[in-house]
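The values are calculated or read from the model by the stated rules, or taken from the named source; none is laboratory data. A quick note: this is a predicted structure, and the numbers were derived from the prediction, not measured. Cβ sites come from the backbone with ideal geometry, for glycine too, and all protein chains shown count toward neighbours. For accessibility, only protein heavy atoms count, side chains too; no ligands or nucleic acids. Shrake-Rupley method; radii C 1.70, N 1.55, O 1.52, S 1.80 Å.
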Amino acid sequence: MLSNEKIKSIITAQKLLPEAQLADVETHVAGHGISIESYLINNNILTEEKLYQAIAQQFERPFVDLKDKQVPKDVLDIIPSPLAVSHGIVAFEKSDKEVKLATTDPLDLQTFEFLRRTTELEPIIYVTTPASIAAAQRNYHESLQSELKIITDETTDGADSSQLKKIAEDLPIINIVNSILDHAVYEGASDIHIEPVEKEIIVRFRIDGLLRQVMTLPKAVQAGMVARVKILANLKLDEHMLPQDGRFKISVQNEKLSLRVSIMPVYDGEKIVMRLLPESTKPLTLEQLGFGAAEQKMLMDNVSKPHGMVLVTGPTGSGKSTTLYSLLHLLNKPDVNISTIEDPIEYHLTGINQSQVNPRIGYTFASGLRAFLRQDPDVIMVGEIRDQETAETAMHAAMTGHLVLATLHTNDAPTTLPRLIDMGVPPFLVAFTTNIIIAQRLVRKICQFCKQPYQLSAEQVSQLEHRIQSTRVVQLAEHAGVASPNGGFNTLTFVQGKGCDKCRNEGYKGRIGIYELLEIDKEMIDLINKKANAEDIRVAAVKRGMITLLEDGIIKALQGVTSIEEILSAAKD
């Protein structure tokens, strides 16, 4: 659906309505959260066909009506069904070199380019109506349902491996799984969730950290889909009561991706979660991750030391592994020996010795670390410190001349120190081996194509003033490079995304980190040895200049990178 501004400009240019009537429509639409297009059609002011013929004329594209047109299924299948539904686009004719596409949005250049690359056919763009798209999609679903009936005529209850394998190799099942994977790559999803409920299968994608439902499928395809994914990931087909983990690789748009698969038994069947990991992705720079100039210098000073520990903390999905990979990339030189022990290996890094734990044979983080020490590496990366044995082994390695990078699950940087002591690690070991602690969260970035300035609401100002002292506001504004006349949030200008075609009308596109860096100096060593609590450590760190997670987020919001809503959501007390 085109934006209200575009529809309004087309109506004006094509003289579909008098100016007074269009102004009246705008008045009715304002504040009701509906589009001008929907209002015009639902109130019979314009027919759908007349409006989209005008759109075609405005953009100098031919118009096509697909309602009475029989489109061959092999042509429909050129575009994955999820992509066709979400972007209002279908293929209706093709030759050896070209494919004719009918769309409701002739400005969706990104999708046209995606289809050019994936089909290797030149797209010829036609404009059509949403009703035509729906009619073509009904043909697709009727064809799919008839094929699925063949599959579901075979009983899947208690089916053995050979039966499940046969079902998984049926073309409709293969097409459904391929469509989901293609669509996930196109949308830039980091995870795919396939969740069985009582009467259907729900498919959701995690995009920019948020789960979005993209489609529902009939319950009949459940057994075939699960079996298909198990075959791809080399898992046991007839195991339905235990969790299973695996991985496989795909190639989409000449890009290779590794998919990490987790299958878990749930009440209505087996839930599948697949994480998409691009193999060609280069580690991000510290600046791309979201570190400011001062933070980059502090970080490089500490990772350049010949020994000690660099700890990255935060909840699951906060980007800890990405930060560690970026640091390893900076350290990765021909004269430096780097070894990692991970669970699992997310990205392959050339020139680094990467090893994956296997608890079933007793190969744990701690045992892997001990084995590494016998090979005398310069830098060791530990995927996660989960227990006392791993923590003590890592810290002894840091004390004996190795630089150790590791992750830990804590909410902020000051909490990390008491957490290690609570694990049973002696305070002196924590104090004398830790170089720096990085706590982090991920927040969505404001779309740069539709950002606009705004003032905070009274409620937002109240929330921030409750958590940030007025004297700090001036300092944060200075860090961000903006002026704060009276030290109050109500005088500062922030940015928000209005929503546009580039960001799916959400106002956000991409993510960036907010950080809290705690450097271990003499004062911190004294506090650790005294077993000071997290609050005492926090107060001392802030006095010495530490920027907290919330404060770093506010700086980025003042710089127009993210929004206050995102910061308040991510940096909770």
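Is it the case that some residue within the stretch 9-27 is polar (S, T, N, Q) and more than 25 Å from Lys498 (Cα to Cα)? Yes: one or more hits.
Name every residue in the stretch 213-244 that is assigned to a strand (DSSP E or B) and either at pLDDT below 90 or touching a Cys at 6+ places or on another chain (Cβ under 6 Å) (or both), in order of residue number. Can you show your working first?
The first filter runs over the stretch 213-244 and keeps only residues assigned to a strand (DSSP E or B), leaving 213-218, 244.
Within the stretch 213-244, Gln213, Val214, Met215, Thr216, Leu217, Pro218 qualify.
Could you tell me whether any residue of the stretch 492-510 is surrounded by fewer than 17 Cβ atoms within 10 Å (Cβ to Cβ) and among the β-branched types (Val, Ile, Thr)? Scanning the stretch 492-510, I find at least one residue that is surrounded by fewer than 17 Cβ atoms within 10 Å (Cβ to Cβ) and among the β-branched types (Val, Ile, Thr), so the answer is yes.
Filter the stretch 170-191 down to residues that are assigned to a loop (DSSP other than H, G, I, E, B) and in contact (Cβ under 8 Å) with a residue 40 or more places away in the chain, then give me how many there are.
Just the residues of the stretch 170-191 that are assigned to a loop (DSSP other than H, G, I, E, B), to begin with: 170, 188-190.
Subset that is in contact (Cβ under 8 Å) with a residue 40 or more places away in the chain: 170, 189-190.
Residues flagged as assigned to a loop (DSSP other than H, G, I, E, B) and in contact (Cβ under 8 Å) with a residue 40 or more places away in the chain within the stretch 170-191 amount to 3.
Only one entry in Lys67, Lys73 is more than 35 Å from the chain's Cα centre (by Cα), over 22 Å from Asn505 (Cβ atoms) and among the basic types (Lys, Arg), namely Lys67.
Assess whether Gly362 counts as being more than 25 Å from the chain's Cα centre (by Cα), buried (at least 20 other Cβ atoms within 10 Å of the Cβ) and not hydrophobic (A, V, I, L, M, F, W, C). No, not satisfied. Annotation note: Cβ proximity below 7 Å between a residue of the stretch 192-203 that is farther than 14 Å from Val261 by Cα and open to solvent by 50 Å² or more (accessible area, probe 1.4 Å) and a residue that is modelled with pLDDT under 90 and in a strand (DSSP E or B) (sequence gap 6+ or interchain) occurs for Glu200/Thr216; Glu200/Leu217; Glu200/Pro218. Can you say whether Thr340 is among the β-branched types (Val, Ile, Thr), open to solvent by less than 20 Å² (accessible area, probe 1.4 Å) and either within 24 Å of Ile514 (Cα to Cα) or under 24 Å from the mean Cα position of the chain (by Cα) (or both), as far as the supplied structure shows? No. How do the pairs read when you match residues in the stretch 457-475 that are among the acidic types (Asp, Glu) with residues anywhere that are buried (at least 16 other Cβ atoms within 10 Å of the Cβ), using Cβ under 7 Å and keeping only pairs 6 or more apart or on different chains? Within 7 Å, the pairs are Glu465/Phe489.
Given the condition polar (S, T, N, Q), closer than 25 Å to Met546 by Cβ and either in contact with a Cys (Cβ under 9 Å, 6 or more places away or on another chain) or open to solvent by less than 10 Å² (accessible area, probe 1.4 Å) (or both), answer yes or no: does some residue in the stretch 416-426 qualify?
Start the filter on the stretch 416-426 by keeping residues that are polar (S, T, N, Q), which leaves 416.
In the following step, the residues that additionally are closer than 25 Å to Met546 by Cβ were identified as 416.
Those left that are additionally either in contact with a Cys (Cβ under 9 Å, 6 or more places away or on another chain) or open to solvent by less than 10 Å² (accessible area, probe 1.4 Å) (or both): 416.
Scanning the stretch 416-426 turns up at least one residue that is polar (S, T, N, Q), closer than 25 Å to Met546 by Cβ and either in contact with a Cys (Cβ under 9 Å, 6 or more places away or on another chain) or open to solvent by less than 10 Å² (accessible area, probe 1.4 Å) (or both).
Among the conditions (1) in contact with a Ser or Thr (Cβ under 9 Å, 6 or more places away or on another chain); (2) at positive phi; (3) not hydroxyl-bearing (Ser, Thr, Tyr), Lys531 misses just one, which is (1).
Could you go through the stretch 57-80 and let me know if any residue there is among the β-branched types (Val, Ile, Thr), in a helix (DSSP H, G or I) and surrounded by fewer than 15 Cβ atoms within 10 Å (Cβ to Cβ).
Let us first name the residues in the stretch 57-80 that are among the β-branched types (Val, Ile, Thr), namely 64, 71, 75, 78-79.
Then keep just the ones that are in a helix (DSSP H, G or I); that gives 75.
Okay, now just the ones that are also surrounded by fewer than 15 Cβ atoms within 10 Å (Cβ to Cβ), so none.
No.
Scanning the stretch 1-56 for residues that are assigned to a loop (DSSP other than H, G, I, E, B), among the β-branched types (Val, Ile, Thr) and at pLDDT 85 or above, which turns out farthest from Thr103 (Cα to Cα)?
So the first thing to find is which residues in the stretch 1-56 are assigned to a loop (DSSP other than H, G, I, E, B), and the list is 1-3, 14-18, 30-35, 43-47.
Retained after the next criterion (residues that are among the β-branched types (Val, Ile, Thr)): 34, 45, 47.
Narrowing the set further to residues that are at pLDDT 85 or above leaves 45, 47.
Working: Ile45: 22, Thr47: 17 Å.
Once the filter is applied, the top-ranked residue is Ile45.
Within the stretch 348-372, the residues that satisfy the criterion of being without any contact (Cβ under 8 Å) to a residue 60 or more places away in the chain, of a type outside the set (Ser, Thr, Tyr) and touching a strand residue (DSSP E or B) at 6+ places or on another chain (Cβ under 8 Å) are Gly351, Ile352, Asn353, Gln354, Gln356, Val357, Phe365, Gly368, Leu369, Phe372.
Could you please find all residues in the stretch 556-573 being outside any helix (DSSP H, G or I) and closer than 24 Å to Gln455 by Cβ? Working first, answer last.
Filtering the stretch 556-573 down to residues outside any helix (DSSP H, G or I) leaves 559-563, 571-573.
Residues satisfying the conditions are Gln559, Gly560, Val561, Thr562, Ser563, Ala571, Lys572.
In the condition set (1) over 30 Å from Lys50 (Cβ atoms); (2) at pLDDT 80 or above; (3) open to solvent by less than 50 Å² (accessible area, probe 1.4 Å), Leu164 is compliant with all but (2).
Residue-wise test of (1) in contact with a helix residue (DSSP H, G or I) (Cβ under 9 Å, 6 or more places away or on another chain); (2) more than 23 Å from Tyr363 (Cα to Cα); (3) in contact (Cβ under 8 Å) with a residue 40 or more places away in the chain.
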| residue | (1), (2), (3) |
| --- | --- |
| Val379 | yes, no, yes |
| Thr393 | yes, no, no |
| Gly401 | no, yes, yes |
| Ala406 | yes, no, yes |
| Asp412 | yes, yes, yes |
| Leu420 | yes, no, no |
| Gly424 | yes, no, no |
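All of (1) in contact with a Phe, Trp or Tyr (Cβ under 9 Å, 6 or more places away or on another chain); (2) surrounded by 15 or more Cβ atoms within 10 Å (Cβ to Cβ) hold for Gln213 with one exception: (2). Restricting to the stretch 264-295, what's the tally of residues that are over 24 Å from the mean Cα position of the chain (by Cα), assigned to a helix (DSSP H, G or I) and surrounded by fewer than 17 Cβ atoms within 10 Å (Cβ to Cβ)? Final tally of qualifying residues: 2. Of the residues making up the stretch 24-37, those that are surrounded by 12 or more Cβ atoms within 10 Å (Cβ to Cβ) and free of Cβ contacts under 8 Å to residues at least 12 places away in the same chain are Asp24, His28, Ile34. Among the criteria (1) open to solvent by less than 70 Å² (accessible area, probe 1.4 Å); (2) under 32 Å from the mean Cα position of the chain (by Cα), the one Val85 does not fulfil is (1).
Can you tell me which residue in the stretch 540-555 is surrounded by the fewest Cβ atoms within 10 Å (Cβ to Cβ), limited to those that are part of a helix (DSSP H, G or I) and in contact with an Asp or Glu (Cβ under 8 Å, 6 or more places away or on another chain)?
Filtering the stretch 540-555 for residues part of a helix (DSSP H, G or I) gives 540-543, 549-555.
Those still in the list that are in contact with an Asp or Glu (Cβ under 8 Å, 6 or more places away or on another chain) too: 540, 549, 552-553.
On the way: Ala540: 18, Leu549: 22, Asp552: 28, Gly553: 30.
Here the answer is Ala540.
Look at Glu535 and say whether it is surrounded by 15 or more Cβ atoms within 10 Å (Cβ to Cβ) and not in a loop (DSSP other than H, G, I, E, B). Here the answer is no, as Glu535 does not meet what is asked.
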